[in-house]
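Everything below concerns the one structure shown next.
The values are calculated or read from the model by the stated rules, or taken from the named source; none is laboratory data. Small disclaimer: the values here were computed from a predicted structure and weren't measured. Counting neighbours? That spans all protein chains shown, and the Cβs are built from the backbone with ideal geometry, glycine included. In case anyone asks, the SASA skips ligands and DNA or RNA and just uses the protein heavy atoms, side chains included. Shrake-Rupley method; radii C 1.70, N 1.55, O 1.52, S 1.80 Å.
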Amino acid sequence: MVRTGYLAGVLLLMIAVALVGGCGGTQLVSTDEEIKMGREAAEEFERTNGGLDRDPRRVQLADRIGRRIGAVAAQPPYTAYPYEFRALANDQVNANAFPGGLIYLWRGLYEQVGYDEDQLAWVAGHEAAHVARQHSVRRIERALGYELIIQLALGEGTTSEIAGAVAGLTLQSYSRDQELEADRVGLEFTHAAGYDPTAALAVIEAFRKVSGKDPSQLELLFETHPGNTARDNAVKAHLQRKGWSGKYYKPTG
Ligand SMILES: [Zn+2]
């Protein structure tokens, strides 16, 4: 009896998913499910990538920047995700985000930008933009499809297998357009949070140095595409359009 109910539920769900999926671009995973899935994947990721960084300076910076960036990123038109920024004990120059708002700033990143709060804030804003624009969750839905959706809908939680797959998918490169969008939305968040958005140019310069010196250390989410020159130009064009000046850039005219 239970078994029949279960199968009937799965069947109904598959029909529902097929109907929703037909609309194109509709979100299949609810916000609550997205947050839960992101948390589980992040735990798996954190365990296998150095763990939490306990250094007070880095933890405080992550907290302070996170509160300011998280508050603006959760405003309409974006979803009010419970953003949380953590320092990761890993020497790579990197940062990454999980669906639902968990974001990691890696130890190597702090070092590379000399603990500059405005520069860290733009990286945090860039990562928050990937979350707000739902770049990862859309990819996860496309890659895992029915299996993930059925597991979530049956309320059995995600298996460690799924959590691992989600973590892996989150660490893959974003597309060129997604990166440029995250750069631009990241500028908006940084500015709205009261930081100097022109610091983005200093970060791009810092990444240029890292990529020239040691490609293996290159930040996962800032790699090959779109390329530093293209990003630099796009950031400058946005600053120019907005008339935002700061330590690293003054709009002309
Ligand atoms: Zn990115």
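Summary of computed values
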{"quantity": "Residue match in the stretch 172-190 (condition: open to solvent by 10 Å² or more (accessible area, probe 1.4 Å) and more than 16 Å from the ligand (Cβ to nearest atom))", "calculated": "no"}
{"quantity": "Candidate set from the stretch 157-171 (those that are among the aliphatic types (A, V, I, L, M) and within 16 Å of the ligand (Cβ to nearest atom)); member that is modelled with the lowest pLDDT", "calculated": "L171"}
{"quantity": "Criterion violated by L52 - all others in (1) in contact with an Asp or Glu (Cβ under 8 Å, 6 or more places away or on another chain); (2) open to solvent by less than 40 Å² (accessible area, probe 1.4 Å); (3) closer than 27 Å to E161 by Cα satisfied", "calculated": "(2)"}
{"quantity": "The one condition in (1) assigned to a helix (DSSP H, G or I); (2) more than 16 Å from the ligand (Cβ to nearest atom); (3) modelled with pLDDT under 85; (4) among the small types (G, A, S) that A202 fails to fulfil", "calculated": "(3)"}
{"quantity": "Yes/no for I149 being crowded, with 18+ Cβ neighbours inside 10 Å, among the β-branched types (V, I, T) and over 22 Å from D196 (Cβ atoms)", "calculated": "yes"}
{"quantity": "Filter result for L220 (open to solvent by 20 Å² or more (accessible area, probe 1.4 Å), within 11 Å of the ligand (Cβ to nearest atom), in contact with a strand residue (DSSP E or B) (Cβ under 9 Å, 6 or more places away or on another chain) and at pLDDT below 90)", "calculated": "yes"}
{"quantity": "Filter result for A62 (of a type in the set (G, A, S), part of a helix (DSSP H, G or I) and in contact (Cβ under 8 Å) with a residue 24 or more places away in the chain)", "calculated": "yes"}
{"quantity": "Residues within the stretch 167-185 that are small (G, A, S) and either touching a Phe, Trp or Tyr at 6+ places or on another chain (Cβ under 6 Å) or not in a helix (DSSP H, G or I) (or both), tallied", "calculated": "3"}
